[in-house]
Amino acid sequence: MADKTGLVKVQKSEEGAFLRPIGLSELATPDSYGYPYVTKPDTQEVGAQVRDLWRKVLKHKLMIALITLIVTAIVTVEVFRDKSVYLATATVEIEKENRTLFRSGDVEIETEDTDYSFQTARAMKSKIRLLQTRPLLEDVAVVLHLDQNSQFLAVTERKGILDAIKSVGNSISARGQKKTTPAASEIPDVQLGENLIRPTAESTRLAPAVDVLQSGLSATPVEDTRMLAISFKHSNPELAAIVANTIAKVFIERSYRGKTDKFEEANTWLSTKTRELKAKVEQAEQALSAYTSQRNIFSDGKGSLVNEKLAALHSQAMQAETKRILSQSLYEEVQKGNLDKLPEAFADPQTIALQAKLGELTTQMAQLRVKLAPEHPKVVELSKQLSAIQKQLEDSSQRLAERLKADYERTAREEQSLKAALNQAKNEASQQNQDNYQFSILQQEVETSKKLYTDFLQKTNQANLQTASQQNKGKMIELIEPALVPALPVGPDRLRTIMIGFLLSLAAGIALALFLEFLNNTIKSVEDVTEHLGLPTLAIVPTLTKKPQPQLQAVDPTSLTPDALITTREKFTPQIGNLMVNNDHSTFAEAYRAIRNSILLASAGTPPRTILLTSSQPGEGKTTTAINTAIALSQLKVRTLLIDADMRRPSLHKAFGAPNGQGLSNYLSGNVDVGDVIQKLPIPNLYLLPCGMIPPDPAELVSSAKMKELLEILSSEFQHIIIDSPPLINVSEPIVLATLVDGVIFVVKGAETKRSIVRRAKQELRNVRARIIGIVINNLDLKTEGYDDYYYQRYHSKYKQEQTELNG
């Protein structure tokens with residue numbers, strides 16, 4: 001049964017999977033033209049997609065294997081052209097450098113800070129950078145004469161191809177051998193010259209050796225320790241070990257030389273500076289003493305009389321100026337007549353009383369003038385009193401003004417006198433200050449020189465102590481583990497590179513195979529038919545590797561019954577190519593039995609009697625398919641007729657070795673009886689209607705009414721009629737015949753017939769409303785197309801084995 005998507009279901013068995021014969025009613029659904037089609041699935045199952053990809057890969061497995069083999073071989077040879085690299089490692093221990101020296105009485109004490117993680121990490125980075133400096137590596141090259149060692153300098157050279165191939169063989173043969181242990185290496189004595197920096201010419205000469213050293217050198221701190229692992233890589237294991245040990249020794253010597261030289265240089269510089277500062281102190285003291293004598297400067301540390309006098313005069317002058325300003329202000333207010341604005345402390349009490357009396361009388365006068373006339377005695381009396389009081393106020397104001405003026409003039413004179421004395425004191429103080437300033441400068445210079453001299457003297461003593469301590473302790477870097485001669489290389493990782501090359505080449509081969517399949521637009525699988533044509537696939541006929549041997553016998557016409565409609569005129573010798581026989585259980589024969597069963601089940605009720613076999617172009621195997629389908633039908637013991645309607649290139653008579661004197665063309669063009677043109681074949685129940693003479697216009701004969709009558713007559717005598725027609729693309733006979741038969745089987749050649757041609761042929765059959773039973777994929781190389789476990793082969797090989805066992 002077909003599932004809802006229209007795909008053909010596959011039955012399963014323990015031996016494998018195989019297509020069962022199915023009817024057209026199960027396999028396809030007719031459209032509005034009565035044309036059967038298989039519904040194209042919307043999506044494809046993941047498993048089916050994987051199987052399809054696997055089939056495509058298997059189809060091109062030889063190409064993929066060849067690409068993988070060639071690329072992997074090239075990669076293998078290339079990686080073996082690179083020399084093996086050996087790694088030797090020497091370990092040194094670096095003592096802490098930042099110790100602190102301090103004096104306790106007459107004893108110098110050295111301490112060490114316990115929190116040194118950050119400082120140690122920074123110091124390690126400095127040491128690693130020091131290891132990679134060119135002057136240090138130049139020392140190594142000079143000690144070992146590496147600039148003259150051609151084997152050392154040839155580290156970057158690659159092997160030849162033949163040497164690489166030999167190395168591959170040696171690597172394979174050495175896999176089973178016992179691994180050797182590392183051997184000890186010599187530790188050379190290192191004697192550095194006086195100058196740690198070499199001239200430019202010598203550095204240029206040593207540059208090639210230094211470049212090799214830099215490329216192979218690496219240094220790694222040992223975690224949670226003050227140890228440093230110094231490693232060197234080279235293609236020669238002995239050289240790798242010697243160079244690693246020499247680098248460590250040169251590193252130790254240069255570090256010690258740098259440390260001691262630094263202390264000695266510092267000590268020398270401090271001693272020189274201390275002597276210079278001592279002389280400077282003596283000169284400063286002499287200058288201070290001479291200046292004191294010349295200027296008669298005596299100081300007890302409490303200041304001088306001139307300064308005290310200057311301070312007192314400055315204070316008095318400021319007070320006098322204040323009094324003068326106050327007196328001037330009061331005098332000016334009196335002159336303006338603003339006696340009421342004077343502070344009470346400076347006003348006359350009598351004047352204040354008169355002003356109060358004047359105010360009262362002024363008020364009374366204003367009241368009387370409201371009530372009385374100006375001539376009234378009281379008004380006149382009050383006016384006289386006001387005049388008398390005003391006269392008294394004027395006299396009092398005059399006296400106050402004169403008094404304030406005298407005070408103002410007196411304070412002004414005092415101010416001028418004090419300022420003159422202050423200016424004189426300032427001149428005296430200025431001269432003395434200049435002398436004191438110069439004295440202070442000389443005194444400060446003496447104190448500064450003494451302080452610098454004391455500091456440098458202390459640092460000189462400390463430097464002498466550190467120099468002595470450094471010489472007593474010796475070297476602060478120690479070689480604790482010399483490098484050994486490595487027994488096994490550390491690189492290159494050839495296996496990894498080869499595996500990557502293998503996987504990439506395999507992926508490239510698979511990608512190329514899938515790309516070629518993408519470009520291939522031929523019909524080569526059931527999925528191609530379903531997806532691109534929408535038609536059912538009746539069978540896949542595999543390519544024969546060995547032609548079966550038929551078992552046929554010539555038939556004597558006299559053995560036929562007298563009333564038989566069909567007669568044969570003469571004996572003939574068959575010339576059979578790819579013809580199946582009755583006891584043939586090969587995949588080739590079973591494919592045609594599958595076609596037979598599909599024909600029988602092509603429609604509900606009565607199976608189709610007349611079947612047309614055609615193809616899109618010549619050479620696709622329609623004739624062979626027609627012959628073997630007819631043989632398969634005849635094996636059911638039913639009368640089967642095979643008609644050769646290919647009147648352009650007839651070939652059915654050749655396949656059976658039958659005469660072709662009279663046939664279909666003779667019947668359609670003349671008055672020949674149909675019984676005279678049909679031949680009985682040696683195969684039971686199988687008859688042949690050959691083409692006969694090739695007519696000039698086959699299309700006219702096929703489209704005649706007599707052809708239709710012939711099929712009606714033969715349908716009453718035979719249960720199955722198989723018609724072999726010419727290719728459909730270039731001629732019109734198959735289109736005409738398709739309208740006269742019950743069904744059409746379209747034959748395509750596997751992996752050769754293009755989809756576009758088949759689609760065109762399908763459209764032409766659809767245009768005449770022909771009923772296509774299905775597609776037969778013929779002559780498909782199952783192994784080439786990736787069907788190594790194809791269902792026919794798996795099932796029928798098992799079936800044949802069981803049959804052999806039963807017969808045995």
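Odds and ends about this structure:
- Long-range neighbours under 8 Å by Cβ, at least six apart or interchain, first residue without any contact (Cβ under 8 Å) to a residue 40 or more places away in the chain and more than 14 Å from Ile389 (Cα to Cα) within the range 361-376, second in a helix (DSSP H, G or I) and open to solvent by 90 Å² or more (accessible area, probe 1.4 Å): Leu368/Lys378; Leu372/Lys378
- Checking Thr181 against (1) at pLDDT 70 or above; (2) assigned to a loop (DSSP other than H, G, I, E, B); (3) under 24 Å from Ser235 (Cα atoms), the condition it does not meet: (1)
- Leading residue by the ranking (modelled with the highest pLDDT) among those in the range 39-63 that are of a type outside the set (S, T, N, Q) and open to solvent by 90 Å² or more (accessible area, probe 1.4 Å): Leu62
- Of the residues examined, Ala602 is not one that is part of a helix (DSSP H, G or I), open to solvent by less than 10 Å² (accessible area, probe 1.4 Å) and of a type in the set (A, V, I, L, M).
- Within the set Ala388, Ala373, the sole residue that is outside any helix (DSSP H, G or I) and more than 60 Å from the chain's Cα centre (by Cα) turns out to be Ala373.
- Residues satisfying the stated conditions in the range 419-462, i.e. exposed (fewer than 13 other Cβ atoms within 10 Å of the Cβ), under 30 Å from Glu321 (Cα atoms) and at pLDDT 70 or above: Ala420, Asn423, Asn427
- Scanning the range 529-570 for residues that are within 15 Å of Asp781 (Cβ to Cβ) and either under 52 Å from the mean Cα position of the chain (by Cα) or at pLDDT 85 or above (or both) yields Ile540, Val541, Pro542, Thr543, Leu544, Thr545.
- Qualifying residue in the range 589-598 (condition: at pLDDT below 75 and open to solvent by 30 Å² or more (accessible area, probe 1.4 Å)): no
- Test for Ser203: is it in contact with an Asp or Glu (Cβ under 7 Å, 6 or more places away or on another chain) and open to solvent by 20 Å² or more (accessible area, probe 1.4 Å): yes
- Residue that is modelled with the lowest pLDDT, among those in the range 156-175 that are assigned to a loop (DSSP other than H, G, I, E, B) and open to solvent by less than 80 Å² (accessible area, probe 1.4 Å): Ala174
- Residue in the range 475-489 that is part of a helix (DSSP H, G or I) and either at pLDDT 85 or above or surrounded by fewer than 17 Cβ atoms within 10 Å (Cβ to Cβ) (or both) present: no
- One residue from Asp673, Asp724, Asp697 being charged (D, E, K, R) and open to solvent by less than 10 Å² (accessible area, probe 1.4 Å): Asp724
- Any chance Leu612 is outside any helix (DSSP H, G or I), open to solvent by less than 40 Å² (accessible area, probe 1.4 Å) and either farther than 25 Å from Ile757 by Cα or touching a residue at least 60 places away in the same chain (Cβ under 8 Å) (or both): yes
- The residue list Phe232, Phe251 contains one member that is in contact (Cβ under 8 Å) with a residue 60 or more places away in the chain and outside any strand (DSSP E or B), which is Phe251.
The values are calculated or read from the model by the stated rules, or taken from the named source; none is laboratory data. Computed from a prediction, not measured in an experiment: that's the story for all the values here. All Cβ positions, even for glycine, are placed from backbone atoms using ideal geometry, and neighbour counts span all protein chains on display. Heads up: the accessible areas ignore ligands, DNA and RNA and are worked out on the full protein's heavy atoms, side chains in. Shrake-Rupley method; radii C 1.70, N 1.55, O 1.52, S 1.80 Å.
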